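I have placed the structure first, in the form of C-alpha coordinates, so that the comments after it can refer back to it.
The values are calculated or read from the model by the stated rules, or taken from the named source; none is laboratory data. This structure is a prediction, so every number in the text was calculated from the model and none was measured. Every residue, glycine among them, receives a Cβ derived from its backbone with ideal geometry; neighbour counts consider all protein chains shown. Areas reflect the complete protein model, heavy atoms only, side chains present, ligands, DNA and RNA absent. Shrake-Rupley method; radii C 1.70, N 1.55, O 1.52, S 1.80 Å.
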Amino acid sequence: MSWELFWLLVEASGLTILYSAVSIVVGFFVSAAVCAGVLSSNRPISAAARLFVSFFRGTPLLIQLLLIYYLLPQIGLNVPSAVAAVLGLSLCTAAYQAEILRGGFQSVPRGLIEAADMCGLSAFATFRRIRLPIAVRLTLPALTSEAIMILKSSSLISVVGVVELTTMAKDLASSTYQPLPIFAAAGFVYLVINLVVAGFGQLAERAARRGHA
Amino acid sequence: MSIVSAIRVSGVVKRFGSTAVLTGIDLDVPRGAVTCLLGPSGSGKSTLLRCIAFLEEATDGIIEIDGEPLGFGLDPDGVRMRLPDASLRKVRSKIGMVFQQFNLWPHMTALGNVAEALVTVRGLGRVEASEKAMAQLEKVGLAQRATHYPSELSGGQQQRVAIARALALEPKIMLFDEPTSSLDPELTGEVLNVMRSLAETGMTMLVVTHEIGFAASVASKIVFLDHGKLLVEGAPAEVFGKPRHPRIDQFLDTYLDRGAAGLL
(Lines give C-alpha, C1' and ligand atoms only; values in the text may rest on other atoms or scores of the structure.)
Protein backbone atom coordinates (compact mmCIF):
# COMPACT_ATOMS: atom_id res chain seq x y z
CA MET A 1 0.00 0.00 0.00
CA SER A 2 1.38 3.39 -0.99
CA TRP A 3 1.74 6.45 1.19
CA GLU A 4 -0.73 8.27 -1.04
CA LEU A 5 -3.43 5.74 -0.20
CA PHE A 6 -2.61 5.97 3.51
CA TRP A 7 -2.72 9.74 3.30
CA LEU A 8 -6.21 9.57 1.77
CA LEU A 9 -7.32 7.53 4.77
CA VAL A 10 -5.79 10.04 7.17
CA GLU A 11 -7.55 12.87 5.36
CA ALA A 12 -10.88 11.03 5.56
CA SER A 13 -10.28 10.46 9.25
CA GLY A 14 -10.38 14.24 9.61
CA LEU A 15 -14.10 14.09 8.81
CA THR A 16 -14.55 11.21 11.24
CA ILE A 17 -12.93 13.29 13.97
CA LEU A 18 -14.78 16.47 13.03
CA TYR A 19 -18.25 14.89 12.90
CA SER A 20 -17.67 12.86 16.05
CA ALA A 21 -16.24 15.76 18.05
CA VAL A 22 -19.05 18.14 17.09
CA SER A 23 -21.67 15.47 17.84
CA ILE A 24 -20.16 14.54 21.20
CA VAL A 25 -20.11 18.18 22.30
CA VAL A 26 -23.58 18.99 20.95
CA GLY A 27 -24.79 15.69 22.35
CA PHE A 28 -23.38 16.55 25.77
CA PHE A 29 -25.41 19.75 26.04
CA VAL A 30 -28.53 17.97 24.78
CA SER A 31 -27.89 15.15 27.25
CA ALA A 32 -27.56 17.56 30.19
CA ALA A 33 -30.96 18.99 29.31
CA VAL A 34 -32.47 15.54 28.73
CA CYS A 35 -31.05 14.31 32.02
CA ALA A 36 -32.45 17.32 33.86
CA GLY A 37 -35.76 16.44 32.19
CA VAL A 38 -35.64 12.79 33.22
CA LEU A 39 -34.91 13.79 36.83
CA SER A 40 -37.47 16.60 36.82
CA SER A 41 -40.45 16.32 39.13
CA ASN A 42 -42.62 17.74 36.32
CA ARG A 43 -44.29 14.64 34.91
CA PRO A 44 -44.86 15.65 31.27
CA ILE A 45 -41.26 16.89 31.00
CA SER A 46 -39.91 13.75 32.62
CA ALA A 47 -42.05 11.52 30.37
CA ALA A 48 -40.92 13.38 27.24
CA ALA A 49 -37.27 13.08 28.27
CA ARG A 50 -37.63 9.37 28.94
CA LEU A 51 -39.36 8.87 25.59
CA PHE A 52 -36.40 10.59 23.94
CA VAL A 53 -33.97 8.25 25.68
CA SER A 54 -36.01 5.14 24.84
CA PHE A 55 -36.24 6.05 21.18
CA PHE A 56 -32.64 7.04 20.55
CA ARG A 57 -31.24 4.23 22.65
CA GLY A 58 -33.68 1.64 21.43
CA THR A 59 -33.39 2.10 17.67
CA PRO A 60 -30.27 1.56 15.56
CA LEU A 61 -28.25 4.65 14.71
CA LEU A 62 -28.40 3.61 11.07
CA ILE A 63 -32.21 3.81 11.11
CA GLN A 64 -32.08 7.16 12.93
CA LEU A 65 -29.76 8.61 10.31
CA LEU A 66 -31.92 7.33 7.46
CA LEU A 67 -35.08 8.67 9.11
CA ILE A 68 -33.53 12.10 9.54
CA TYR A 69 -32.20 12.13 5.99
CA TYR A 70 -35.27 10.77 4.17
CA LEU A 71 -38.18 11.51 6.49
CA LEU A 72 -37.55 15.18 7.27
CA PRO A 73 -37.64 16.25 3.59
CA GLN A 74 -41.10 14.60 3.39
CA ILE A 75 -42.38 17.17 5.84
CA GLY A 76 -40.65 19.98 3.98
CA LEU A 77 -37.41 20.12 5.97
CA ASN A 78 -34.51 19.66 3.62
CA VAL A 79 -31.46 18.65 5.57
CA PRO A 80 -28.01 18.66 3.99
CA SER A 81 -25.84 15.58 4.58
CA ALA A 82 -23.63 17.29 7.11
CA VAL A 83 -26.58 18.43 9.23
CA ALA A 84 -28.26 15.03 9.07
CA ALA A 85 -25.02 13.36 10.13
CA VAL A 86 -24.44 15.67 13.11
CA LEU A 87 -28.10 15.55 14.10
CA GLY A 88 -28.23 11.76 14.03
CA LEU A 89 -24.97 11.26 15.89
CA SER A 90 -25.60 13.90 18.51
CA LEU A 91 -29.16 12.85 19.33
CA CYS A 92 -28.07 9.24 19.62
CA THR A 93 -25.11 9.98 21.87
CA ALA A 94 -27.26 12.42 23.87
CA ALA A 95 -29.54 9.55 24.86
CA TYR A 96 -26.60 7.45 26.05
CA GLN A 97 -24.82 10.35 27.75
CA ALA A 98 -28.06 11.31 29.51
CA GLU A 99 -28.30 7.82 31.00
CA ILE A 100 -24.64 7.93 32.04
CA LEU A 101 -25.09 11.35 33.64
CA ARG A 102 -28.26 10.25 35.42
CA GLY A 103 -26.19 7.76 37.40
CA GLY A 104 -23.76 10.57 38.22
CA PHE A 105 -26.49 12.96 39.30
CA GLN A 106 -27.99 10.39 41.60
CA SER A 107 -24.60 9.90 43.26
CA VAL A 108 -24.14 13.60 44.11
CA PRO A 109 -24.34 13.69 47.93
CA ARG A 110 -27.51 15.42 49.10
CA GLY A 111 -25.54 17.54 51.56
CA LEU A 112 -23.76 19.33 48.70
CA ILE A 113 -27.12 20.39 47.29
CA GLU A 114 -28.33 21.43 50.74
CA ALA A 115 -25.22 23.58 51.07
CA ALA A 116 -26.06 25.21 47.74
CA ASP A 117 -29.63 25.79 48.96
CA MET A 118 -28.37 27.45 52.13
CA CYS A 119 -26.04 29.68 50.09
CA GLY A 120 -29.06 30.85 48.12
CA LEU A 121 -28.16 29.27 44.77
CA SER A 122 -31.17 28.95 42.47
CA ALA A 123 -32.16 25.51 41.17
CA PHE A 124 -30.58 26.36 37.83
CA ALA A 125 -27.36 27.66 39.39
CA THR A 126 -27.15 24.54 41.55
CA PHE A 127 -27.58 22.39 38.44
CA ARG A 128 -25.01 24.26 36.39
CA ARG A 129 -22.41 24.99 39.05
CA ILE A 130 -22.67 22.05 41.46
CA ARG A 131 -24.64 19.03 40.23
CA LEU A 132 -23.53 18.90 36.59
CA PRO A 133 -19.77 19.33 37.19
CA ILE A 134 -19.81 16.72 39.96
CA ALA A 135 -21.90 14.30 37.89
CA VAL A 136 -19.47 14.69 34.98
CA ARG A 137 -16.50 14.04 37.27
CA LEU A 138 -18.14 10.93 38.66
CA THR A 139 -18.91 9.57 35.20
CA LEU A 140 -15.76 10.55 33.26
CA PRO A 141 -14.69 6.95 32.46
CA ALA A 142 -18.11 6.09 31.05
CA LEU A 143 -18.28 9.37 29.11
CA THR A 144 -14.86 8.65 27.58
CA SER A 145 -16.09 5.22 26.47
CA GLU A 146 -19.14 6.83 24.94
CA ALA A 147 -16.94 9.26 22.99
CA ILE A 148 -14.98 6.29 21.63
CA MET A 149 -18.19 4.48 20.72
CA ILE A 150 -19.38 7.51 18.76
CA LEU A 151 -16.05 7.79 16.94
CA LYS A 152 -16.49 4.20 15.77
CA SER A 153 -20.22 4.52 15.08
CA SER A 154 -19.56 7.57 12.96
CA SER A 155 -18.76 5.21 10.06
CA LEU A 156 -22.53 4.93 9.67
CA ILE A 157 -22.89 8.53 8.50
CA SER A 158 -21.78 7.29 5.08
CA VAL A 159 -25.48 6.41 4.52
CA VAL A 160 -26.28 10.11 4.34
CA GLY A 161 -23.41 10.70 1.96
CA VAL A 162 -20.49 11.77 4.14
CA VAL A 163 -17.26 10.10 3.03
CA GLU A 164 -15.45 9.45 6.30
CA LEU A 165 -12.73 7.00 7.20
CA THR A 166 -14.56 3.67 6.78
CA THR A 167 -16.27 4.70 3.55
CA MET A 168 -12.98 5.94 2.13
CA ALA A 169 -11.38 2.61 3.05
CA LYS A 170 -14.19 0.69 1.32
CA ASP A 171 -13.89 2.84 -1.80
CA LEU A 172 -10.11 2.46 -1.91
CA ALA A 173 -10.32 -1.28 -1.27
CA SER A 174 -12.63 -1.82 -4.19
CA SER A 175 -10.72 0.45 -6.57
CA THR A 176 -7.25 -0.87 -5.73
CA TYR A 177 -8.10 -4.53 -5.01
CA GLN A 178 -6.00 -4.34 -1.82
CA PRO A 179 -8.69 -4.79 0.85
CA LEU A 180 -6.47 -6.29 3.53
CA PRO A 181 -3.75 -3.60 3.86
CA ILE A 182 -6.28 -0.82 3.44
CA PHE A 183 -8.71 -2.05 6.10
CA ALA A 184 -5.79 -2.82 8.39
CA ALA A 185 -4.55 0.73 7.89
CA ALA A 186 -8.04 2.12 8.55
CA GLY A 187 -8.25 0.10 11.74
CA PHE A 188 -4.87 1.45 12.77
CA VAL A 189 -6.02 5.04 12.22
CA TYR A 190 -9.14 4.43 14.37
CA LEU A 191 -6.96 2.91 17.06
CA VAL A 192 -4.60 5.90 17.12
CA ILE A 193 -7.49 8.37 17.33
CA ASN A 194 -9.15 6.43 20.13
CA LEU A 195 -5.91 6.06 22.06
CA VAL A 196 -5.62 9.84 21.99
CA VAL A 197 -9.23 10.17 23.20
CA ALA A 198 -8.61 7.65 25.98
CA GLY A 199 -5.45 9.59 26.93
CA PHE A 200 -7.42 12.81 27.22
CA GLY A 201 -10.00 10.95 29.27
CA GLN A 202 -7.33 9.83 31.70
CA LEU A 203 -5.88 13.33 31.96
CA ALA A 204 -9.35 14.66 32.74
CA GLU A 205 -9.86 11.98 35.37
CA ARG A 206 -6.55 12.80 36.98
CA ALA A 207 -7.40 16.51 37.05
CA ALA A 208 -10.81 15.72 38.52
CA ARG A 209 -9.35 13.46 41.17
CA ARG A 210 -7.53 16.41 42.67
CA GLY A 211 -10.90 17.98 43.28
CA HIS A 212 -12.41 14.76 44.56
CA ALA A 213 -11.60 12.76 47.63
CA MET B 1 -40.82 40.50 74.82
CA SER B 2 -40.15 43.93 73.37
CA ILE B 3 -37.20 42.88 71.20
CA VAL B 4 -37.99 40.53 68.34
CA SER B 5 -36.19 37.22 68.79
CA ALA B 6 -33.63 36.21 66.20
CA ILE B 7 -35.54 32.96 65.78
CA ARG B 8 -38.98 32.20 67.15
CA VAL B 9 -40.29 28.68 66.88
CA SER B 10 -43.99 28.22 67.68
CA GLY B 11 -45.71 24.89 67.93
CA VAL B 12 -43.41 23.14 65.49
CA VAL B 13 -44.29 19.54 64.79
CA LYS B 14 -42.34 17.27 62.45
CA ARG B 15 -43.53 13.86 61.44
CA PHE B 16 -41.81 11.46 59.09
CA GLY B 17 -44.66 9.23 58.01
CA SER B 18 -46.28 8.13 61.25
CA THR B 19 -43.19 8.83 63.38
CA ALA B 20 -43.34 12.11 65.27
CA VAL B 21 -39.82 13.48 65.63
CA LEU B 22 -40.81 16.87 67.03
CA THR B 23 -44.00 17.06 69.05
CA GLY B 24 -44.73 20.76 69.44
CA ILE B 25 -41.65 22.87 70.03
CA ASP B 26 -41.77 26.47 71.22
CA LEU B 27 -38.45 28.23 71.37
CA ASP B 28 -37.00 31.74 71.31
CA VAL B 29 -33.43 32.20 70.21
CA PRO B 30 -32.07 35.50 71.52
CA ARG B 31 -30.14 37.92 69.35
CA GLY B 32 -26.40 38.36 69.57
CA ALA B 33 -25.82 35.30 71.72
CA VAL B 34 -25.02 31.62 71.47
CA THR B 35 -27.80 29.14 72.07
CA CYS B 36 -26.89 25.46 72.27
CA LEU B 37 -29.30 22.65 71.49
CA LEU B 38 -28.42 19.56 73.49
CA GLY B 39 -29.99 16.19 73.84
CA PRO B 40 -29.42 12.51 73.29
CA SER B 41 -29.33 10.99 69.81
CA GLY B 42 -32.78 10.84 68.31
CA SER B 43 -34.10 13.62 70.52
CA GLY B 44 -34.91 15.68 67.42
CA LYS B 45 -32.34 18.45 67.87
CA SER B 46 -30.87 18.13 64.37
CA THR B 47 -34.35 17.88 62.87
CA LEU B 48 -35.35 21.08 64.67
CA LEU B 49 -32.27 22.85 63.32
CA ARG B 50 -33.00 21.55 59.81
CA CYS B 51 -36.58 22.81 60.08
CA ILE B 52 -35.23 26.23 61.07
CA ALA B 53 -33.01 26.11 57.96
CA PHE B 54 -36.04 24.91 55.94
CA LEU B 55 -34.06 21.89 54.80
CA GLU B 56 -36.98 19.98 56.29
CA GLU B 57 -40.50 21.32 56.12
CA ALA B 58 -42.15 21.31 59.52
CA THR B 59 -45.43 19.40 59.48
CA ASP B 60 -47.04 22.10 61.58
CA GLY B 61 -46.13 25.29 63.38
CA ILE B 62 -44.51 28.57 62.43
CA ILE B 63 -40.85 29.56 62.39
CA GLU B 64 -39.98 33.24 62.33
CA ILE B 65 -36.55 34.56 61.48
CA ASP B 66 -36.00 38.14 62.61
CA GLY B 67 -39.76 38.51 62.94
CA GLU B 68 -40.49 37.25 59.42
CA PRO B 69 -42.18 33.89 58.82
CA LEU B 70 -40.04 31.28 57.07
CA GLY B 71 -41.67 29.08 54.45
CA PHE B 72 -45.03 28.95 56.21
CA GLY B 73 -47.09 31.82 57.55
CA LEU B 74 -50.62 32.47 58.78
CA ASP B 75 -53.29 33.84 56.48
CA PRO B 76 -55.73 36.49 57.82
CA ASP B 77 -57.93 33.70 59.20
CA GLY B 78 -55.00 32.26 61.13
CA VAL B 79 -54.68 29.24 58.84
CA ARG B 80 -51.15 28.00 58.15
CA MET B 81 -50.17 28.42 54.51
CA ARG B 82 -47.12 27.97 52.33
CA LEU B 83 -45.46 31.27 51.46
CA PRO B 84 -44.15 32.07 47.98
CA ASP B 85 -40.61 30.94 47.13
CA ALA B 86 -39.42 34.54 46.81
CA SER B 87 -40.28 35.17 50.45
CA LEU B 88 -38.63 31.91 51.48
CA ARG B 89 -35.41 32.87 49.67
CA LYS B 90 -35.39 36.32 51.21
CA VAL B 91 -35.91 35.12 54.78
CA ARG B 92 -33.54 32.21 54.34
CA SER B 93 -30.77 34.53 53.15
CA LYS B 94 -30.52 35.76 56.74
CA ILE B 95 -29.33 32.32 57.79
CA GLY B 96 -25.93 30.72 57.36
CA MET B 97 -25.57 27.00 57.92
CA VAL B 98 -22.65 24.77 58.88
CA PHE B 99 -23.10 21.03 58.47
CA GLN B 100 -21.69 18.03 60.29
CA GLN B 101 -20.24 16.68 57.03
CA PHE B 102 -18.88 20.15 55.97
CA ASN B 103 -20.49 19.73 52.53
CA LEU B 104 -17.83 21.67 50.68
CA TRP B 105 -18.15 21.38 46.91
CA PRO B 106 -15.33 19.01 46.01
CA HIS B 107 -14.66 20.40 42.54
CA MET B 108 -13.92 23.90 43.80
CA THR B 109 -10.95 25.20 45.76
CA ALA B 110 -11.41 26.61 49.25
CA LEU B 111 -11.54 30.08 47.71
CA GLY B 112 -13.96 28.88 45.02
CA ASN B 113 -16.29 27.47 47.65
CA VAL B 114 -16.39 30.74 49.55
CA ALA B 115 -16.65 32.94 46.44
CA GLU B 116 -19.27 30.86 44.60
CA ALA B 117 -22.45 32.37 46.01
CA LEU B 118 -20.92 35.86 46.02
CA VAL B 119 -20.77 35.55 42.23
CA THR B 120 -23.83 33.46 41.37
CA VAL B 121 -26.19 34.81 44.03
CA ARG B 122 -24.91 38.26 44.94
CA GLY B 123 -23.72 39.04 41.41
CA LEU B 124 -20.28 40.33 42.41
CA GLY B 125 -17.49 40.33 39.84
CA ARG B 126 -14.88 37.57 40.04
CA VAL B 127 -12.20 39.86 41.42
CA GLU B 128 -14.34 41.46 44.08
CA ALA B 129 -15.79 38.08 45.10
CA SER B 130 -12.30 36.60 45.41
CA GLU B 131 -11.16 39.50 47.58
CA LYS B 132 -14.15 39.10 49.88
CA ALA B 133 -13.70 35.33 49.99
CA MET B 134 -10.03 35.74 50.79
CA ALA B 135 -10.86 38.09 53.67
CA GLN B 136 -13.21 35.45 55.10
CA LEU B 137 -10.60 32.72 54.74
CA GLU B 138 -8.16 34.96 56.58
CA LYS B 139 -10.63 35.27 59.45
CA VAL B 140 -10.70 31.50 59.88
CA GLY B 141 -6.92 31.33 59.49
CA LEU B 142 -6.84 29.57 56.13
CA ALA B 143 -5.68 32.23 53.67
CA GLN B 144 -2.64 30.09 52.79
CA ARG B 145 -4.92 27.18 51.90
CA ALA B 146 -7.08 29.20 49.50
CA THR B 147 -6.05 27.29 46.37
CA HIS B 148 -6.40 23.85 47.96
CA TYR B 149 -9.26 21.54 47.11
CA PRO B 150 -11.36 20.14 49.98
CA SER B 151 -9.77 16.70 49.53
CA GLU B 152 -6.41 18.31 50.27
CA LEU B 153 -7.56 19.81 53.58
CA SER B 154 -7.97 18.23 57.01
CA GLY B 155 -11.47 17.85 58.43
CA GLY B 156 -10.94 20.81 60.74
CA GLN B 157 -9.74 22.96 57.87
CA GLN B 158 -12.68 21.91 55.73
CA GLN B 159 -15.10 22.89 58.46
CA ARG B 160 -13.40 26.27 58.85
CA VAL B 161 -13.75 26.83 55.10
CA ALA B 162 -17.43 25.88 55.42
CA ILE B 163 -17.82 28.48 58.17
CA ALA B 164 -16.09 31.07 55.97
CA ARG B 165 -18.41 30.16 53.09
CA ALA B 166 -21.47 30.79 55.25
CA LEU B 167 -20.07 34.01 56.74
CA ALA B 168 -19.18 35.45 53.34
CA LEU B 169 -22.89 35.94 52.68
CA GLU B 170 -23.16 38.08 55.82
CA PRO B 171 -25.95 36.18 57.55
CA LYS B 172 -27.61 37.54 60.67
CA ILE B 173 -27.88 34.09 62.19
CA MET B 174 -25.54 31.11 62.02
CA LEU B 175 -26.82 27.57 62.45
CA PHE B 176 -24.37 24.79 63.31
CA ASP B 177 -25.44 21.17 62.99
CA GLU B 178 -23.01 19.12 65.08
CA PRO B 179 -20.07 20.97 63.54
CA THR B 180 -17.40 18.90 65.28
CA SER B 181 -19.05 15.49 65.40
CA SER B 182 -17.17 14.07 62.44
CA LEU B 183 -13.79 15.44 63.54
CA ASP B 184 -10.95 13.83 65.42
CA PRO B 185 -10.59 15.24 68.94
CA GLU B 186 -7.41 17.14 67.99
CA LEU B 187 -9.23 18.89 65.13
CA THR B 188 -12.29 19.73 67.18
CA GLY B 189 -10.43 22.47 69.03
CA GLU B 190 -9.57 24.53 65.97
CA VAL B 191 -13.22 24.60 64.87
CA LEU B 192 -14.49 25.46 68.35
CA ASN B 193 -11.94 28.28 68.53
CA VAL B 194 -13.28 29.77 65.31
CA MET B 195 -16.80 29.48 66.70
CA ARG B 196 -15.71 31.12 69.95
CA SER B 197 -14.26 34.11 68.18
CA LEU B 198 -17.37 34.35 66.04
CA ALA B 199 -19.47 34.39 69.21
CA GLU B 200 -17.31 37.24 70.54
CA THR B 201 -18.26 39.36 67.50
CA GLY B 202 -21.86 39.17 68.69
CA MET B 203 -23.11 36.79 66.01
CA THR B 204 -26.40 35.08 66.80
CA MET B 205 -25.61 31.37 66.84
CA LEU B 206 -27.75 28.29 67.27
CA VAL B 207 -25.57 25.25 67.76
CA VAL B 208 -26.53 21.59 67.90
CA THR B 209 -23.60 19.98 69.67
CA HIS B 210 -22.37 17.24 71.91
CA GLU B 211 -19.54 19.48 73.15
CA ILE B 212 -20.84 20.07 76.65
CA GLY B 213 -17.75 22.06 77.58
CA PHE B 214 -18.28 24.46 74.68
CA ALA B 215 -21.96 24.79 75.52
CA ALA B 216 -21.27 25.46 79.19
CA SER B 217 -18.59 28.07 78.53
CA VAL B 218 -19.85 29.90 75.43
CA ALA B 219 -23.63 29.56 75.34
CA SER B 220 -25.85 32.06 77.08
CA LYS B 221 -28.78 29.71 76.66
CA ILE B 222 -29.04 25.95 76.76
CA VAL B 223 -31.99 24.12 75.30
CA PHE B 224 -32.34 20.45 76.13
CA LEU B 225 -34.50 18.27 73.89
CA ASP B 226 -35.66 14.78 74.67
CA HIS B 227 -38.01 12.60 72.63
CA GLY B 228 -39.02 15.49 70.40
CA LYS B 229 -39.95 17.74 73.31
CA LEU B 230 -38.25 20.74 74.83
CA LEU B 231 -37.39 19.44 78.28
CA VAL B 232 -35.42 22.27 79.88
CA GLU B 233 -34.17 25.68 78.78
CA GLY B 234 -32.17 28.32 80.53
CA ALA B 235 -28.72 29.73 81.23
CA PRO B 236 -25.99 27.08 81.54
CA ALA B 237 -25.79 27.63 85.29
CA GLU B 238 -29.50 26.92 85.66
CA VAL B 239 -29.51 23.89 83.39
CA PHE B 240 -26.28 22.30 84.57
CA GLY B 241 -26.28 23.60 88.17
CA LYS B 242 -27.97 21.75 91.01
CA PRO B 243 -30.70 20.88 91.52
CA ARG B 244 -31.01 19.66 87.98
CA HIS B 245 -33.51 17.69 86.00
CA PRO B 246 -32.93 13.93 86.46
CA ARG B 247 -32.90 13.44 82.68
CA ILE B 248 -30.03 15.95 82.38
CA ASP B 249 -28.21 14.26 85.24
CA GLN B 250 -28.41 11.03 83.33
CA PHE B 251 -27.27 12.72 80.10
CA LEU B 252 -24.33 14.44 81.78
CA ASP B 253 -23.23 11.22 83.46
CA THR B 254 -22.27 9.78 80.09
CA TYR B 255 -19.92 12.75 79.63
CA LEU B 256 -18.59 12.84 83.17
CA ASP B 257 -17.76 9.17 82.76
CA ARG B 258 -15.49 10.21 79.96
CA GLY B 259 -13.58 12.64 82.16
CA ALA B 260 -15.30 15.84 81.16
CA ALA B 261 -16.09 16.69 84.80
CA GLY B 262 -13.53 19.47 84.90
CA LEU B 263 -15.30 21.33 82.12
CA LEU B 264 -18.43 21.96 84.15
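A few remarks follow.
- Restricting attention to segment A:120-136, the residues that are open to solvent by less than 60 Å² (accessible area, probe 1.4 Å) and either closer than 25 Å to A:Glu205 by Cα or more than 9 Å from chain B (Cβ to nearest Cβ) (or both) total 9.
The rows are residues; the columns are (1) open to solvent by less than 40 Å² (accessible area, probe 1.4 Å); (2) away from chain B (no Cβ under 14 Å); (3) not aliphatic (A, V, I, L, M).
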| position | (1), (2), (3) |
| --- | --- |
| A:Cys35 | yes, yes, yes |
| A:Leu51 | no, yes, no |
| A:Leu66 | no, yes, no |
| A:Gly76 | no, yes, yes |
| A:Ala85 | yes, yes, no |
| A:Gly88 | yes, yes, yes |
| A:Leu112 | yes, no, no |
| A:Met118 | yes, no, no |
| A:Leu138 | no, no, no |
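- On the stretch given as segment A:65-105, residues that are assigned to a helix (DSSP H, G or I) and without any contact (Cβ under 8 Å) to a residue 40 or more places away in the chain total 10.
- Residue in segment A:165-174 that is aliphatic (A, V, I, L, M) and within 14 Å of another protein chain (Cβ to nearest Cβ) present: no
- Residue match in segment A:37-45 (condition: open to solvent by 40 Å² or more (accessible area, probe 1.4 Å), in contact with a helix residue (DSSP H, G or I) (Cβ under 8 Å, 6 or more places away or on another chain), without any contact (Cβ under 8 Å) to a residue 24 or more places away in the chain and assigned to a helix (DSSP H, G or I)): yes
- Pairs where the first residue, in segment B:116-135, is in contact (Cβ under 8 Å) with a residue 60 or more places away in the chain and under 23 Å from A:Leu112 (Cβ atoms) and the second is part of a loop (DSSP other than H, G, I, E, B) and charged (D, E, K, R), C-beta under 6 Å, 6+ apart: none
- Count of segment B:203-234 residues which are more than 24 Å from B:Ile95 (Cβ to Cβ) and at pLDDT 95 or above: 0
- Inside segment B:73-111, residues that are at the interface with chain A (Cβ under 9 Å from one of its Cβ atoms) and outside any strand (DSSP E or B) make up a count of 14.
- When residues in segment A:163-192 are screened for being outside any helix (DSSP H, G or I), closer than 22 Å to A:Ile68 by Cα and open to solvent by 10 Å² or more (accessible area, probe 1.4 Å), 1 of them pass.
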